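Quick notes on the structure that follows.
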Amino acid sequence: MILTDTHTHLYSEEFDLDRNEMMQRAISKGVTRFFVPAIDSTCTESMYELERNYPENVFLMMGLHPCYVKENYLDELNHIETELAKRKFIAIGEIGIDLFWDKSTLEIQKTAFKHQIQLAKKHKLPIVIHCRESFEEIFEVLESERSEDLFGIFHCFTGNFEQAQQAISLNMKLGIGGVVTFKNGKIDQFLHQIEMKHIVLETDSPYLAPVPFRGKRNESSYVYLVAEKLASIYGVSIDEVAQITTENSKAVFGI
């Protein structure tokens, strides 16, 4: 059984004391593919070190997280373009709009999001979207960039059924993580109406740990618990969930 964690911040300082042990726990659970999103330029070297340590398992994205779109965002976008010119990445991410923490940066968040979508198209890469309290704004930008070469993952999808359908119509897979195990998560109420070919698994570790670890540090081995929940929702085996969602991740990332 091969499980794929399509979104994990393995370079987070929360793993500094036991990163190798954490990775081994994940691998022992069948999680052998780890896709690592960027936040901003400060995490670039840590990401490269991770890749050097786990060259067969770790795949890197490049991007500017919307919460880090600040006054210097043009410098950050330049950094992304510099790195993209140097080497291969698996996706542009995580990118998007976040109106939970700071609404005052909405306009530059939109600008940065749109610019990075265009970079993804130029480099023929998928995008990985961060959306928090911003579905309307995200969809506005995506619709303005709608094309056959726009595709990717709606990371940590927490929308409703209609928003799920809209995301899928824009060539996006739904990234499903720990929220699907929460009593108030709501997405478990309609997921069975969505074919599993539209879904990939993720943890967003060290954040959003699934039940029974909710509120504690998340880690990639817990993607097994997300698969377990999906197996229950769809009435299939965990092996089938692992197989389908891993194939879906290959379709997005090409690897």
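The values are calculated or read from the model by the stated rules, or taken from the named source; none is laboratory data. If you're wondering where the values come from, they're calculated on a predicted model, not measured in any experiment. With ideal geometry, Cβ positions are generated from the backbone for all residues, glycine too; neighbour counts draw on all protein chains shown. Heavy atoms of the whole protein, side chains included, go into the accessibility calculation; ligands, DNA and RNA do not. Shrake-Rupley method; radii C 1.70, N 1.55, O 1.52, S 1.80 Å.
Which residue is most open to solvent (accessible area, probe 1.4 Å), if the candidates are limited to the range 230-243 and must be on the phi < 0 side of the Ramachandran plot and out of contact with any Leu (no Cβ under 9 Å at 6 or more places or on another chain)?
Filtering the range 230-243 for residues that are on the phi < 0 side of the Ramachandran plot and out of contact with any Leu (no Cβ under 9 Å at 6 or more places or on another chain), the one most open to solvent (accessible area, probe 1.4 Å) comes out as Gln243.
Residue by residue through the range 1-53, note down the ones that are among the hydrophobic types (A, V, I, L, M, F, W, C), in contact with a helix residue (DSSP H, G or I) (Cβ under 7 Å, 6 or more places away or on another chain) and at pLDDT 95 or above.
Result: Ile2, Leu3, Leu10, Phe15, Met22, Ala26, Val31, Phe34, Phe35, Val36, Ala38, Ile39.
Go through the range 23-138 and tell me which strands (runs of 3 or more DSSP E), entirely inside it, have 1 or more residues that are farther than 18 Å from Phe154 by Cβ and among the aromatic types (Phe, Trp, Tyr).
31-36, 58-62
Is it the case that Phe100 is of a type in the set (A, V, I, L, M, F, W, C) and open to solvent by 50 Å² or more (accessible area, probe 1.4 Å)? Steps first, answer last, please.
Numbers: of a type in the set (A, V, I, L, M, F, W, C): yes; open to solvent by 50 Å² or more (accessible area, probe 1.4 Å): yes.
For Phe100, the condition - of a type in the set (A, V, I, L, M, F, W, C) and open to solvent by 50 Å² or more (accessible area, probe 1.4 Å) - is met.
If I go through the range 169-203 residue by residue, how many of them are among the hydroxyl-bearing types (Ser, Thr, Tyr), more than 22 Å from Glu143 (Cα to Cα) and open to solvent by 10 Å² or more (accessible area, probe 1.4 Å)? Before you say what the answer is, go through the steps one by one.
Pass one, the range 169-203, residues among the hydroxyl-bearing types (Ser, Thr, Tyr): 169, 181, 203.
Filter again for more than 22 Å from Glu143 (Cα to Cα), leaving 181, 203.
From the residues that got through so far, the ones that are open to solvent by 10 Å² or more (accessible area, probe 1.4 Å) too are 181.
Here the count works out to 1.
Looking at Gln193, Gln189, Gln165 in this structure, which one is modelled with pLDDT under 95, of a type in the set (S, T, N, Q) and over 21 Å from Thr32 (Cα atoms)?
Gln189
Quick one: which of Ser147, Ser221 is surrounded by fewer than 23 Cβ atoms within 10 Å (Cβ to Cβ) and in a helix (DSSP H, G or I)?
Ser221
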